[in-house]
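Below: one structure, written as structure tokens.
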Amino acid sequence: MRKEKDSHSLSHPLASYPVLGICGYSGAGKTTLIEALIPRLRSRGLRVAVVKDGAHKVRIDAPGKDSDRFFSVGADVALLGEQHFIRHHQQGDLIAFLVTLCSSYDIVLVEGHATTAIPKIWLSGPEGQRDVPLENKGQVIATLTREQATVDRLFALVQSLVTTRWEQTPVWGCVLIGGRSTRMGRPKHLIREKNKTWLEHAVETLAPKVDQVVLSGSGEIPVSLAALPRIPDAPGLAGPLAGILSVMRWQRTISWLVMACDQPDVQPESLDWLLAQRQPGIRAVLPDLLGNGHLEPLLAWYDFRCRPQLETIATSGSLRISRLAHQAGIRHFQPPEHLHSSWRN
């Protein structure tokens, strides 16, 4: 298996998340710049949240106020410690709040909060207010004067941060262990072919493509796989949704290449194809083999930001992962025809 990326083990809780502070003295143009930046990010398919400091009792329900301006151009807005809010409201620890937001958003911009330990861009103000305060210097990735602080320049910096953080997200493989097959008279994952169980074959196919292979589900497994992590299905659920949500709840910052145990014809090239379809802003790749809207939720890829959407499906009482079909960030790419046999079960 590939070696897990070192960034995943960094101690700071935001080390692998796309969070960027836009800071500077009053009059530096922070709000105007963020307002112009949001549509550019949205046009790339990125979901954006903006966190503002609520200390000044900003009433975001007033048209024309900063938060209303951010919301009107496509960002969700959060105020820490404020009583009026649009989408999010939080009291207390800002870092914990940012971690929560990052489970759903592709980029979180923080206006103000200059002393918070996050990467930030410092916007210089009028003469005499250009220097970065000493307590912030270690976290500033760029200092821009009013003339330098163009939307194009800021967009390039944000896009670079999003891409870097996205590339740092580990990819793990999840093999879903099925139950007993009434047709075959035994658990599907223990069916043998060419001196190997289907489960052993699945793990052998996945392992070179991912950082870690995890087994999801219950039942007997071959001794050769006893060292692999084993996660029980999510309680109260059944089917593939139970297995996928169980691993997502267990590891909340991992993206998952999911494979069912009863797909013995999976080609390594199909895994390469799935991984190649990923990019920032995409939350899941559910292949559509024939382009007719019939999606394949098994042998698919899921980003951790897809978990809230799956949780919503689960709480609705449905077990159908295909209900993701028309939701934001879900892609239904059609794989090359010579790979279609990989999805046979």
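The residue list Ser322, Ser318 contains one member that is more than 19 Å from Gln263 (Cα to Cα) and open to solvent by less than 70 Å² (accessible area, probe 1.4 Å), which is Ser318.
In the set (1) in a helix (DSSP H, G or I); (2) modelled with pLDDT under 90, the condition left unmet by Gly178 is number (1). In segment 22-47, how many are in a helix (DSSP H, G or I), crowded, with 20+ Cβ neighbours inside 10 Å and hydrophobic (A, V, I, L, M, F, W, C)? Final tally of qualifying residues: 5.
Here Gly21, Gly74, Gly45, Gly29 are screened, and the one residue that is over 30 Å from Leu225 (Cα atoms), in contact with a strand residue (DSSP E or B) (Cβ under 7 Å, 6 or more places away or on another chain) and modelled with pLDDT of 85 or more is Gly21.
The residues of segment 296-313 that are open to solvent by less than 20 Å² (accessible area, probe 1.4 Å) and in contact with a Leu (Cβ under 9 Å, 6 or more places away or on another chain), listed by number, are Leu299, Ala300, Trp301, Tyr302, Cys306, Leu310, Ile313.
Applying the set (1) modelled with pLDDT of 95 or more; (2) surrounded by fewer than 17 Cβ atoms within 10 Å (Cβ to Cβ) to Asn292 leaves exactly one unmet item: (1).
Checking the condition surrounded by fewer than 20 Cβ atoms within 10 Å (Cβ to Cβ), touching a Pro at 6+ places or on another chain (Cβ under 8 Å) and in the same structural domain as Leu176 (by the TED database), which residue from Glu269, Glu220 passes? Explain how you work it out, then say what you get.
Numbers: Glu269 fails: touching a Pro at 6+ places or on another chain (Cβ under 8 Å).
Testing whether each residue is surrounded by fewer than 20 Cβ atoms within 10 Å (Cβ to Cβ), touching a Pro at 6+ places or on another chain (Cβ under 8 Å) and in the same structural domain as Leu176 (by the TED database) leaves just Glu220.
Take the conditions within 15 Å of the chain's Cα centre (by Cα) and among the hydrophobic types (A, V, I, L, M, F, W, C) and apply them to Ile313. Does it pass?
Considered against the rule, which asks whether it is within 15 Å of the chain's Cα centre (by Cα) and among the hydrophobic types (A, V, I, L, M, F, W, C), Ile313 comes out as no.
Taken together, the residues in segment 325-345 that are open to solvent by less than 50 Å² (accessible area, probe 1.4 Å), free of Cβ contacts under 8 Å to residues at least 60 places away in the same chain and either part of a loop (DSSP other than H, G, I, E, B) or of a type in the set (A, V, I, L, M, F, W, C) (or both) amount to 2.
The values are calculated or read from the model by the stated rules, or taken from the named source; none is laboratory data. Keep in mind the model is a prediction, meaning the values are calculated, not measured. Methodologically, a virtual Cβ is constructed for each residue, glycine included, from the backbone with ideal geometry; neighbour enumeration extends over all protein chains shown. We work out accessible area using only protein heavy atoms, side chains counted, and drop any ligands, DNA or RNA first. Shrake-Rupley method; radii C 1.70, N 1.55, O 1.52, S 1.80 Å.
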